[in-house]
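Structure, as structure tokens:
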Amino acid sequence: MKYANRAGPSFLAPALLIIAFVLLFPIFQTIVLSFGRNSTSIFIGYEFAGLANYQRLLNTPRFITSLNNTILFTAVTVPIELLVGIGLALILDRNFRGKGLVRMAALFPWALPTALNALMWRWMFNTEFGLFNSMLSDIGLIAERINWLGAIPSAMHVMMFVSIWKTSSFMALLLLAGLQTIPDDLYEAGSVDGTTRLSEFRFITLPLLKPAILVSVLLRTMDAMRAFELPFNLTDGGPLTSTETLSLYAYRAIFQYVNFNLGSSAILIQFIIIMTISVFYILMIRRGDL
Amino acid sequence: MTLFGGSATAPERDRRTPRSRRRKPVSLGFYIVAAITVVVSFFPTAWIFLTSIKTEADIYAWPVQYLPDPATLENYLNILRETPELLGYILNSFIVATTTTFVILACGGLAAYSLGRLTYRGRNLILILILAVSMFPPLALLPSLFNMFLELGMINTYSGLIIGHAGLYTPIAVWILTNFFKTVPYEIEDAARVDGASSLRIFWSIILPLSAPGLISTGLIVFIFSWNEFPLSLVLMSDNFMRTAPVGISLFPGEYSFPWEIITAATMLTILPILVISGVFQDRLIGGLTAGSGK
């Protein structure tokens, strides 16, 4: 049985205190700052400016570009990650010799620091001394070395590729949890009826995996929408602003152009988009659609 | 991957007997795909390692010198001799990530016990609220947190960044631990209650020891998150000597050239703990991740 307890709420105090200090209050202040002008704090010299920052952002081509980049990045990477993730999860669900190594291989990209991983790929895609240019020219596919990260749109393509490499395995681990909840009887019943592998996947695995798919797609979408250290370290948002994401734009507005109010509005717009997508997903999960 | 949603799942689920589908012998094609997965996954790290043990002449060579000839530890020794601040970054990361982990396990553990096993009004609301707050992008914290910490003199301090990381990852830890704590049998707690033990006593002497695997899973996940964290570490540690490893290495190149021989060696040193953890504790990590997310 569970216990009605007076001590219960007080056990929450340390955690709630930290959350209030680091998350709740700063988020509240960021929201207020996004409606302000020339102010970095809500206590000292706060000037209300209404929706001025939001209007300015929507009329700033660079902001719109970063918005488009972020949406394109998310829309391309998440579905591919899902496909790769399903494949990898199906492998991890089987028992075979060397399974430990494959599991470690699935965990490792997830566990790497994104910032340093971006630097690793930056070195491999280096124009002059990079591994990929060398391999491609060895097998005769390219004559001239390619400036992968210095050209549009290849820089964006590389960024997408790196993200897919890094996070497909995370997707796989979430999907694996879903796969393991599927009762084996269903497959046995299927094999009695003489189903093929493909129809087994289509009519048993996929429908029962739906909840796990939706949850992992939701988590990855929220994560991709706020990509920050990947462009920061891989391309620095370039060339021009072709790989600048919303987060990178907001960071620069705040700390390079020292406009806390404009940057806060950019973050809020990003959050509203993430929230809208999340609510949409959650409603679908609730209704059991898709 | 800073967030886990969805509903609770029982972590002990892994321990069921293997199903026939899983025991089916796998084909050669299956092994080939599995092998490709392994190669693709370790390939970048292997290349970075190879670069880090090459001489400078071999690193900046065209056509690319694939294998080090001769292999050398010179780049690592140079970090020791010429840029020891890179080792300082790793030490900073270690101090921050370790302390953060213990702070989160203490605060988050207590909260998870309260939310998972005690009953009072508003419990579920608080759990949902904690999850909702963690959905905000970390960048939303930066402008405010930077100013608050500046006012409080907490910029460039370990305690500042530790509090920052603890705030970021306490919600996830509460979520995962709540699911783990629910699996401790209630009979044991009932017996202790009858003997007159307090809730705090029960938490400390019963729930924590019996949830050791869950604590280790959660601790490792939080450690990795803190070790890898970028935006907060970037903004709250602006002093060159206070930087954490991911930020320090990223900013190390400076304005003009990229010293890849140093970057690759320092990167290898920084990801070594991650490599060891994901190899040794893979069951614990996967258990924790699935306890936090699945349905």
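The values are calculated or read from the model by the stated rules, or taken from the named source; none is laboratory data. Note that the coordinates shown come from a computational prediction; the quantities given were computed from them, not determined experimentally. Positions of Cβ are backbone-derived with ideal geometry, glycine not excepted, and every protein chain shown enters the neighbour counts.
You will find that of A:Phe271, A:Phe260, the residue that is under 20 Å from the mean Cα position of the chain (by Cα) and within 9 Å of chain B (Cβ to nearest Cβ) is A:Phe271 and no other.
Filtered by the rule that a residue be more than 8 Å from chain A (Cβ to nearest Cβ) and modelled with pLDDT under 90, the stretch B:26-54 gives B:Ser27, B:Leu28, B:Gly29. Yes or no: B:Leu208 at pLDDT 90 or above, within 26 Å of B:Tyr113 (Cα to Cα), part of a helix (DSSP H, G or I) and within 26 Å of the chain's Cα centre (by Cα)? Yes, satisfied.
Yes/no per residue for (1) surrounded by fewer than 24 Cβ atoms within 10 Å (Cβ to Cβ); (2) at pLDDT below 95; (3) among the aliphatic types (A, V, I, L, M):
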site: B:Ser217; (1), (2), (3): no, yes, no
site: B:Trp227; (1), (2), (3): no, no, no
site: B:Ser233; (1), (2), (3): no, no, no
site: B:Asn240; (1), (2), (3): yes, yes, no
site: B:Pro246; (1), (2), (3): no, no, no
site: B:Ser257; (1), (2), (3): yes, yes, no
site: B:Met268; (1), (2), (3): yes, no, yes
site: B:Val276; (1), (2), (3): yes, yes, yes
site: B:Gln282; (1), (2), (3): yes, yes, no
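If I filter the stretch B:49-65 for residues that are under 31 Å from the mean Cα position of the chain (by Cα), of a type outside the set (Ser, Thr, Tyr) and assigned to a helix (DSSP H, G or I), do I get at least one hit? Within the stretch B:49-65, one or more residues are under 31 Å from the mean Cα position of the chain (by Cα), of a type outside the set (Ser, Thr, Tyr) and assigned to a helix (DSSP H, G or I). Residues considered: A:Ser137, A:Ser163. Of these, the only one that is part of a helix (DSSP H, G or I), at pLDDT 90 or above and within 11 Å of another protein chain (Cβ to nearest Cβ) is A:Ser137. Please determine whether any residue of the stretch A:235-245 is among the acidic types (Asp, Glu), out of contact with any helix residue (DSSP H, G or I) (no Cβ under 6 Å at 6 or more places or on another chain) and within 21 Å of A:Pro153 (Cβ to Cβ). Within the stretch A:235-245, one or more residues are among the acidic types (Asp, Glu), out of contact with any helix residue (DSSP H, G or I) (no Cβ under 6 Å at 6 or more places or on another chain) and within 21 Å of A:Pro153 (Cβ to Cβ). Looking at the stretch A:91-98, can you tell me whether even one residue there is exposed (fewer than 15 other Cβ atoms within 10 Å of the Cβ), more than 7 Å from chain B (Cβ to nearest Cβ) and touching a residue at least 40 places away in the same chain (Cβ under 8 Å)? Scanning the stretch A:91-98 turns up no residue that is exposed (fewer than 15 other Cβ atoms within 10 Å of the Cβ), more than 7 Å from chain B (Cβ to nearest Cβ) and touching a residue at least 40 places away in the same chain (Cβ under 8 Å). Among the residues examined, B:Ile79 qualifies as farther than 18 Å from B:Ser159 by Cβ and part of a helix (DSSP H, G or I). Only one of the numbered conditions (1) closer than 29 Å to A:Met159 by Cα; (2) facing chain B (nearest Cβ under 9 Å); (3) of a type in the set (Asp, Glu) is violated by A:Glu188, and that is (1).
Counting only residues that are over 18 Å from A:Ile44 (Cβ atoms) and of a type in the set (A, V, I, L, M), which one in the stretch B:132-151 is farthest from the other protein chains (Cβ to nearest Cβ)? Checking each candidate, the answer is B:Ala132.
Scanning the stretch A:38-50 finds no residues that are part of a helix (DSSP H, G or I) and surrounded by 13 or more Cβ atoms within 10 Å (Cβ to Cβ).
Report yes if B:Leu86 is crowded, with 16+ Cβ neighbours inside 10 Å, modelled with pLDDT under 95 and more than 22 Å from B:Ile53 (Cβ to Cβ), otherwise no. So B:Leu86 does not fit the description; no.
If you check B:Pro171, B:Pro213 for being surrounded by 24 or more Cβ atoms within 10 Å (Cβ to Cβ), in the same structural domain as B:Thr98 (by TED's automatic domain parsing) and under 18 Å from the mean Cα position of the chain (by Cα), only one passes: B:Pro171. If the condition is being touching a residue at least 60 places away in the same chain (Cβ under 8 Å) and among the polar types (S, T, N, Q), then the stretch B:28-54 contributes B:Thr45, B:Thr51, B:Ser52.
Residues of the stretch A:214-268 that are surrounded by fewer than 23 Cβ atoms within 10 Å (Cβ to Cβ), free of Cβ contacts under 8 Å to residues at least 24 places away in the same chain and hydroxyl-bearing (Ser, Thr, Tyr): A:Tyr257 alone.
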